[in-house]
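Below is one structure, written out as structure tokens; the observations come after it.
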Amino acid sequence: MVTQQAETRGEKLKVAIKGNLSEVFLSLQGEGIWVGTPTVFVRMTGCHRRCRYCDTEFALVAEKQARVWLGWRISEPDLVVSNPVSLCDVTGWVQKAAGQVAKWVSFTGGEPLLQADFLAELGKELKELDFKILLETEGGLPDRLMKVLPFVDAVAADIKLPSTTGEPLDWGECERFLKTVARTQVQACVKIVVTTDIDEGEFCQAVDLLAKLHGSAVDCRVFRPITLILQPVTPARFVTETPSMGLLLRLASLAQMKLPDVRIVPQVHKLMQLP
Ligand code: SF4
């Protein structure tokens with residue numbers, strides 16, 4: 001009887017916990033070191049940034065409705081639902097969208113960490129269902145990261161260089177964020193989007209920051225290598241040009257002088273015309 005009451009309370013709680021979503025769908029991971037992995041994307045709506053090259057402009061301002069594909073994303077969504085949506089519903093949609101193929105779920109956005117409390121609960125639920133969780137974030141909200149970290153297996157964080165985004169960067173918060181990730185056992189990669197007008201001084205500052213983390217982590221023997229991904233920008237929003245291979249290779253060679261694992265990876269899902 002007591003167990004039954006506890007279960008009922010638990011179910012009610014799952015219905016009461018709500019978040020604001022943009023989309024749920026199955027596709028292939030197109031960025032970073034997990035490229036090609038079948039993944040269910042849970043795209044949260046809303047972002048505090050306005051990067052010049054943002055390719056999810058629709059999710060910048062909190063959307064009133066969320067679109068849900070209960071499988072591979074083709075044509076119209078299976079569901080269009082009003083925000084906020086319940087934890088219970090999102091868990092069910094993820095399971096249906098994943099089918100037998102997706103073992104990974106990506107928390108993306110917008111900026112997912114703006115809804116860290118919701119994602120911590122969702123992460124807990126999905127881990128119990130044996131999903132692996134990747135958090136894709138702009139990399140500047142370390143306090144919110146702490147809430148979600150216990151429930152994620154991997155983190156893909158950006159270093160948002162002002163010359164590429166058109167916005168200031170709080171280097172202190174960025175460092176605090178990356179230190180927090182480096183101290184844990186999660187798989188991690190850091191992404192820098194490369195535009196034609198990237199400032200090499202800023203780029204080197206970011207490399208030095210990662211090199212410093214690498215050095216201190218080696219000393220205290222808790223380091224898991226953080227791969228640096230140079231991602232040539234895909235034209236979107238106010239950006240129309242892509243960087244040359246010459247520029248990408250020059251930046252890669254600069255980074256390789258100080259970092260063990262540097263890769264140039266474009267947005268593969270865009271090349272494959274996937275969402
Ligand atoms: S942080 Fe991401 S979602 Fe937000 S504006 Fe920049 S690219 Fe877009």
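Quick one: would you say GLN231 is open to solvent by 50 Å² or more (accessible area, probe 1.4 Å), in contact (Cβ under 8 Å) with a residue 12 or more places away in the chain and touching a Lys or Arg at 6+ places or on another chain (Cβ under 8 Å)? For GLN231, the condition - open to solvent by 50 Å² or more (accessible area, probe 1.4 Å), in contact (Cβ under 8 Å) with a residue 12 or more places away in the chain and touching a Lys or Arg at 6+ places or on another chain (Cβ under 8 Å) - is not met. Look through the stretch 61-82, keep the residues that are modelled with pLDDT under 95 and within 16 Å of the ligand (Cβ to nearest atom), and return whichever of them is most open to solvent (accessible area, probe 1.4 Å). Restricting to residues being modelled with pLDDT under 95 and within 16 Å of the ligand (Cβ to nearest atom), the top hit is VAL61. Number of residues in the stretch 117-170 that are away from the ligand (no atom under 14 Å from the Cβ), farther than 28 Å from GLN100 by Cα and open to solvent by less than 10 Å² (accessible area, probe 1.4 Å): the value is 2. Applying a threshold of 6 Å to beta carbon distances and a minimum spacing of six or more residues, or different chains, the list of pairs starting in the stretch 42-58 at a residue that is more than 12 Å from PHE238 (Cβ to Cβ) and ending at one that is β-branched (Val, Ile, Thr) and more than 9 Å from the ligand (Cβ to nearest atom) reads VAL42/VAL24. I want to confirm something. Restricting to the stretch 42-60 and keeping residues that are in a strand (DSSP E or B) and within 10 Å of the ligand (Cβ to nearest atom), which single residue is surrounded by the most Cβ atoms within 10 Å (Cβ to Cβ)? Here the residue is MET44. Looking at the stretch 23-41 only, could you name the residues that are in a strand (DSSP E or B) and either within 14 Å of the ligand (Cβ to nearest atom) or over 17 Å from LEU122 (Cβ atoms) (or both)? Those that are in a strand (DSSP E or B) and either within 14 Å of the ligand (Cβ to nearest atom) or over 17 Å from LEU122 (Cβ atoms) (or both): GLU23, SER27, LEU28, PRO38, PHE41.
The values are calculated or read from the model by the stated rules, or taken from the named source; none is laboratory data. The structure displayed is predicted, hence computed values, not measured ones. Cβ atoms come from the backbone with ideal geometry, glycine included; neighbour counts cover every protein chain shown. For accessibility, only protein heavy atoms count, side chains too; no ligands or nucleic acids. Shrake-Rupley method; radii C 1.70, N 1.55, O 1.52, S 1.80 Å.
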